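Accompanying notes for the structure given below.
The values are calculated or read from the model by the stated rules, or taken from the named source; none is laboratory data. Note that the structure is predicted; figures quoted are calculated from it, not measured. Cβ sites come from the backbone with ideal geometry, for glycine too, and all protein chains shown count toward neighbours. In case anyone asks, the SASA skips ligands and DNA or RNA and just uses the protein heavy atoms, side chains included. Shrake-Rupley method; radii C 1.70, N 1.55, O 1.52, S 1.80 Å.
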Amino acid sequence: MKEYEWNLKDLKNIPKNNYKVFSCFACGGGSSMGYKLAGYEVIGDCEIDKKINNIYVKNHHPKYNYCMGIQKMKQLSNLPDELYNLDVLDGSPPCSTFSMAGQREENWGKSKKFREGQTKQVLDDLFFEFIDLAEILKPKIVIAENVKGLVMGNAKGYVNMIVKRFNEIGYNVQLFLLNAARMGVPQRRERVFFIATNKKFNFSKIKLEFNEAPIKYGEIKDNEYRPLNKDTMTYERWKKRIASDVKLSDTIKRTENGKNSCFNTQYLKDERIPATIAAGGSPPLRYDVPGYASDKDLITMQTFPQDYDFMGMNAQYICGMSVPPIMMKKIAEQVKIQLLDKINR
């Protein structure tokens with residue numbers, strides 16, 4: 001079986017390394033599964049959305065589960081001692097305001113309702129709430145994941161503020177822009193990772209370089225798919241595709257007088273690496289057959305376990321919101337080797 005095809009039950013056979021992790025903004029547990037695949041113990045999580053939290057609990061059985069916003073968790077006075085002795089504090093603060101899609105700058109600083117929450121929040125602030133929790137718990141290492149757009153254009157000033165705040169609470173920070181397609185994940189997914197190390201441990205800088213052979217869709221595709229309704233415009237457009245079209249919008253622009261729509265609906269082609277799975281919108285569209293990718297395709301492209309229980313929730317949403325487990329596994333392995341293991345020598 002390939003590395004990206006695995007089951008939750010396989011985790012019991014992974015040798016443990018005795019390092020402990022707590023995950024914030026946990027969603028479906030993509031990063032949690034990556035740490036577990038690398039031998040870490042994920043002792044708990046914080047997740048604001050009740051439905052998604054139930055899915056996390058169902059699949060991960062955390063020792064400490066906080067179904068609340070991080071703002072509330074950081075105010076708790078009865079956190080267990082174990083959380084004050086973490087090796088890694090992990091988090092993926094909601095990042096939609098920094099996505100390269102849409103009117104991103106116009107949304108900065110605005111209070112809005114995010115999918116996970118029942119109340120409005122200024123999403124830009126959540127990264128700093130996460131750093132506040134790090135200041136309280138004082139883990140050896142903090143790892144935060146975010147979108148590529150965070151290091152693009154005007155958002156760079158926001159990154160500088162994050163680095164400054166980490167320094168204020170006693171952490172050195174490194175930033176890495178990594179592509180999951182070079183890390184054993186059958187998906188082109190670029191993400192920024194902050195690796196912040198507690199200054200009192202005098203860690204050396206970590207090097208993260210991954211150059212694995214890309215995995216093309218033809219190597220992983222499912223025999224099943226979700227057929228297009230032949231009475232829809234999407235089906236009529238799909239029939240007009242040509243080999244040079246990469247996404248449905250290419251077909252539309254070429255055949256409908258330059259009209260630009262459906263630009264997020266990617267074609268899945270055997271000879272190409274699948275594009276980033278988005279949490280919303282239409283699933284990727286098969287080029288070889290008239291249909292959308294199956295849930296099994298999405299699960300494999302995101303390197304989620306084949307036996308993951310989505311409890312009836314949209315698999316595309318959970319996968320699109322999560323860190324690919326194999327991507328986080330590769331990072332966690334290097335954090336162990338280059339940083340944590342050095343403390344115990």
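Of the residues LYS240, LYS207, LYS216, LYS230, only one is under 25 Å from THR300 (Cβ atoms) and open to solvent by 80 Å² or more (accessible area, probe 1.4 Å); which?
One residue alone meets the criteria, LYS216.
Applying the selection to the range 248-274, what residues are under 20 Å from PRO214 (Cβ atoms), open to solvent by 20 Å² or more (accessible area, probe 1.4 Å) and in contact (Cβ under 8 Å) with a residue 24 or more places away in the chain?
Those that are under 20 Å from PRO214 (Cβ atoms), open to solvent by 20 Å² or more (accessible area, probe 1.4 Å) and in contact (Cβ under 8 Å) with a residue 24 or more places away in the chain: ASP270, GLU271, ARG272, ILE273.
Would you please list the contacts, defined by Cβ atoms under 9 Å and residues six or more apart or on different chains, that run from a residue in the range 163-182 that is without any contact (Cβ under 8 Å) to a residue 60 or more places away in the chain to a residue that is part of a helix (DSSP H, G or I) and polar (S, T, N, Q)?
VAL173/ASN167
If you go through the range 284-299 one residue at a time, how many are surrounded by 24 or more Cβ atoms within 10 Å (Cβ to Cβ) and of a type outside the set (A, V, I, L, M, F, W, C)?
Total satisfying the criteria: 3.
Filter the range 1-35 down to residues that are in contact (Cβ under 8 Å) with a residue 40 or more places away in the chain, part of a helix (DSSP H, G or I) and open to solvent by 20 Å² or more (accessible area, probe 1.4 Å), then give me how many there are.
Number of matching residues: 3.
Being over 22 Å from PRO305 (Cβ atoms) and among the β-branched types (Val, Ile, Thr) is the filter; apply it to the range 150-191 and report the residue that is nearest to the chain's Cα centre (by Cα).
The qualifying residue nearest to the chain's Cα centre (by Cα) is VAL151.
Across the range 273-323, what is the total count of residues that are at pLDDT below 95 and among the hydroxyl-bearing types (Ser, Thr, Tyr)?
Number satisfying all stated conditions: 1.
May I ask you to list the residues in the range 144-154 that are assigned to a helix (DSSP H, G or I) and surrounded by 21 or more Cβ atoms within 10 Å (Cβ to Cβ)?
If the condition is that a residue be assigned to a helix (DSSP H, G or I) and surrounded by 21 or more Cβ atoms within 10 Å (Cβ to Cβ), then LEU150 is the only one that fits.
Consider ASP270 carefully, then state whether it is acidic (Asp, Glu) and assigned to a loop (DSSP other than H, G, I, E, B).
yes
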